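Notes follow the structure.
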Amino acid sequence: MGAGFVGLDTALSGLSASQKALEVTSHNVSNLSTQGYSRQSVVMASAYPRTYGSGWKVEMGVSIQQIRQIRHTFMDNIYRTESNALGYWQARSTAIDDLQAILGEPMTAGLQSSLNNFWDAWQEVSKAPESLTIRALLKQRAEALVESLNHIGAQINKLQDDLNNEIKLRIDEVNEITRQIAELNVKIMSAEAAGNAPNDYYDQRNALVDRLSTLVEVDTWLGPEGNLDILVGGYFLVSKGVQTRIYAAPNDDLSSFYTPKLEGTDVEINLGKGLIQGLLEARGQVSGAKGSYDNGTPNTTADITIVVDAANTSEAYRLQIRNHIRQLADDLEKRGLDYNLRLMVTGTGEAIESTDFGKDADALVDAIPTGNYENGTYDFGDIIDEAAAKSDPNANRYILVFSEASINGNGVVASDDTVSSYVSRLNQNGITLSVVTSEIYYDAGEDAEKGWSFITGGTDGKTYNIGAADYESLMKSISKDINDNVNKRISTVPEDLNIISSVKKQLNALINIMAREINYIHQSGKTLNGKDGGLFFDTLDSSLPLEMGNIAISSDLKDLNNIVASATDANGDNTIALQIAGLRNENLMTGNGKILSLDTYYQNIILHVGYLGQEATNMYESQKQLVNQADQIRQSVMGVSLDEEMTNMIKYQYAYNANSKMISVINSMLETIIFRLGVAGR
């Protein structure tokens with residue numbers, strides 16, 4: 001008799017399956033506008049038949065095998081990859097737009113306008129050097145230039161601070177997302193273990209991974225228990241239900257700039273591309289400490305090791321050095337360089353040692369030996385090692401050799417390989433070598449040995465004639481060449497992905513060189529009162545060099561008579577005014593492998609920022625299209641279609657009605673069998 005109810009069970013299974021399918025369809029329609037929702041479908045299969053009696057098999061209807069979530073995993077990966085690049089270019093594009101707004105070029109209110117007015121004012125002073133009215137105009141325009149420079153510096157610093165704060169907020173967002181993913185992993189694993197399909201949890205988790213991929217470069221691993229583990233930079237930020245946080249740590253001592261590190265360690269984590277990396281590069285992956293060279297402060301420190309070859313310079317030559325080394329120091333001071341002097345004496349038969357004298361040129365002079373020495377040989381490599389060990393690695397490093405002999409002193413020949421190794425070791429340590437020697441050793445030493453010029457030329461240094469009649473001019477020439485080399489170093493900014501810090505380096509190089517060159521010329525002339533000229537520009541903080549935010553007009557210029565326009569106090573002398581006005585077009589800067597004027601260098605900065613902005617904007621717009629395309633393709637698979645759902649609703653409704661009718665018919669048949677046939681039988 002049990003077999004008689006089989007048809008009822010079969011219809012009941014169809015009724016139940018159709019009802020569940022209608023519920024899933026209703027769920028899809030309800031989430032039509034839900035962000036990140038993936039449509040679901042019911043997977044049905046024929047139920048296992050039952051065997052009755054002697055092999056009689058009866059079909060048992062339908063069973064629901066799975067409520068399937070429909071997604072396109074490959075397109076998910078494409079979407080996340082493109083979203084990652086979109087976040088990166090979005091950060092760069094936004095930062096450059098803000099930077100361009102600060103610079104205000106090419107608008108009439110930009111820095112170029114202030115510079116033009118300043119140079120034009122010097123030109124006017126040259127026409128009437130005694131006019132207090134024109135001097136007042138110059139002072140007014142100089143003050144406007146200084147105000148503009150300090151204002152731009154303050155705005156750029158604030159932009160960096162804003163980006164730095166956003167980096168911290170985005171790191172916090174990463175931690176919040178990974179926390180939620182870890183919690184969802186626990187819920188999903190529990191549901192999976194119970195045999196359920198937590199599709200809505202899957203959607204929530206996938207939406208979080210989508211957002212996370214915009215912030216950082218994400219690798220995912222789907223575990224057998226349903227967990228989705230998250231790897232960033234080779235580290236698990238989510239492993240099943242365990243989250244590992246990252247934190248924003250200062251990237252250097254006394255720095256306020258953040259860098260992402262792994263929780264519980266001091267390990268900097270590589271976030272790959274993404275919004276956070278774009279913010280890091282836009283701000284600059286540099287130290288944010290005050291006076292940081294990487295963040296734009298010009299490095300005007302010159303660490304100079306003066307090497308005196310006692311055995312190969314006569315006492316008369318050493319007397320010349322003693323009498324004029326102060327002029328070298330004084331000229332470096334006038335040029336605005338923060339110098340440090342060191343003395344190294346060779347050829348005395350003693351081990352090479354160096355002594356630091358800082359700015360005390362008098363003490364250095366007293367330490368230069370007198371008398372005659374016979375031991376003329378030494379190893380120039382030892383000089384390099386000593387200078388590299390004792391000099392400041394953060395400074396611009398120089399070795400200045402006084403020797404009337406070949407490279408290792410007369411008597412020991414240096415091979416070509418040895419001389420080449422000297423050049424390599426000097427460059428590795430960032431040391432520029434200049435040599436004051438006899439002209440006969442410029443190009444060749446003893447026994448076909450290479451001359452000094454091979455090494456000086458290989459390190460961007462120079463050779464000078466030790467037999468010069470005018471040692472005062474020689475020392476000033478050495479000072480100028482050191483100054484020019486410093487200018488070259490601070491104005492040569494290597495190409496990298498940093499944006500604001502690189503632009504700050506260039507702008508501060510321009511300002512620092514311009515101000516120091518003006519100061520040097522201004523100090524060489526006479527005031528209207530016949531006094532020696534003083535500084536034109538001064539610092540607000542004497543511990544830092546001239547730069548944006550740290551530049552002012554000298555307080556001495558409150559008296560307009562102290563503006564220097566003449567080399568002498570002769571009436572109508574406009575020599576200094578013309579020299580300063582001419583700096584505008586003088587080749588003082590180095591950029592893109594070229595020697596440039598101040599104006600051209602600034603124009604190159606603006607062109608470079610414009611190029612970066614165009615590149616970032618174009619890439620951002622392109623990435624938006626790629627992200628939209630990838631999203632449209634995956635939405636065509638995972639998105640809810642009303643037409644399709646309405647079709648399914650009608651199909652499942654008819655199936656439900658049909659199964660309901662089948663149950664009604666079978667019920668009627670059973671009722672007849674049980675009640676009517678039973679009555680007739682009695």
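The values are calculated or read from the model by the stated rules, or taken from the named source; none is laboratory data. Predicted model only: the values in this text are computed from it and were never measured. Positions of Cβ are backbone-derived with ideal geometry, glycine not excepted, and every protein chain shown enters the neighbour counts. Protein only, heavy atoms only, side chains kept; ligands, DNA and RNA dropped before computing areas. Shrake-Rupley method; radii C 1.70, N 1.55, O 1.52, S 1.80 Å.
Looking across the stretch 625-641, the residues that are modelled with pLDDT of 90 or more and among the aliphatic types (A, V, I, L, M) come down to L626, V627, A630, I633. Taking the numbered list (1) of a type outside the set (D, E, K, R); (2) under 41 Å from the mean Cα position of the chain (by Cα); (3) open to solvent by 50 Å² or more (accessible area, probe 1.4 Å) in turn, M475 passes all entries but (3). Scanning the stretch 209-262 for residues that are in contact with a strand residue (DSSP E or B) (Cβ under 9 Å, 6 or more places away or on another chain), charged (D, E, K, R) and outside any loop (DSSP other than H, G, I, E, B) yields D219, D229, K261. Scan the stretch 135-149 and tell me whether some residue there is outside any helix (DSSP H, G or I), open to solvent by 30 Å² or more (accessible area, probe 1.4 Å) and without any contact (Cβ under 8 Å) to a residue 12 or more places away in the chain. No, that holds for no residue. Scanning the stretch 385-400 for residues that are farther than 26 Å from S491 by Cα and open to solvent by less than 50 Å² (accessible area, probe 1.4 Å) gives a single hit, E386. Scanning the stretch 560-614 for residues that are under 41 Å from the mean Cα position of the chain (by Cα), farther than 16 Å from N116 by Cα, of a type in the set (S, T, Y) and not in a helix (DSSP H, G or I) yields a single hit, T590. Taking each residue of the stretch 566-585 that is free of Cβ contacts under 8 Å to residues at least 40 places away in the same chain and open to solvent by 30 Å² or more (accessible area, probe 1.4 Å) and looking for partners that are of a type outside the set (A, V, I, L, M) and not in a helix (DSSP H, G or I) with beta-carbon atoms closer than 9 Å, six or more apart or interchain, yields A570/K526; N585/S597.
The rows are residues; the columns are (1) on the phi > 0 side of the Ramachandran plot; (2) surrounded by 14 or more Cβ atoms within 10 Å (Cβ to Cβ); (3) of a type in the set (A, V, I, L, M, F, W, C).
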| site | (1), (2), (3) |
| --- | --- |
| G613 | no, yes, no |
| I633 | no, yes, yes |
| M646 | no, no, yes |
| K651 | no, yes, no |
| N657 | no, no, no |
| I666 | no, yes, yes |
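Which residues, counting only those in the stretch 484-507, are closer than 13 Å to K462 by Cα and touching a Phe, Trp or Tyr at 6+ places or on another chain (Cβ under 9 Å)? If the condition is that a residue be closer than 13 Å to K462 by Cα and touching a Phe, Trp or Tyr at 6+ places or on another chain (Cβ under 9 Å), then N485 is the only one that fits.
One residue stands out in the stretch 538-553 among those that are small (G, A, S), out of contact with any Gly (no Cβ under 6 Å at 6 or more places or on another chain) and in contact (Cβ under 8 Å) with a residue 12 or more places away in the chain: the one that is least open to solvent (accessible area, probe 1.4 Å), namely A552. Applying the criterion of being out of contact with any helix residue (DSSP H, G or I) (no Cβ under 6 Å at 6 or more places or on another chain) and among the aliphatic types (A, V, I, L, M) to the residues of the stretch 247-273, the residue that is most open to solvent (accessible area, probe 1.4 Å) is L254. Taken over the stretch 239-280, the criterion of being basic (K, R) and over 25 Å from N295 (Cβ atoms) is satisfied by K240, R245.
Checking V435, V419 one by one, the residue that is farther than 24 Å from L328 by Cα and surrounded by 15 or more Cβ atoms within 10 Å (Cβ to Cβ) is V419 and no other.
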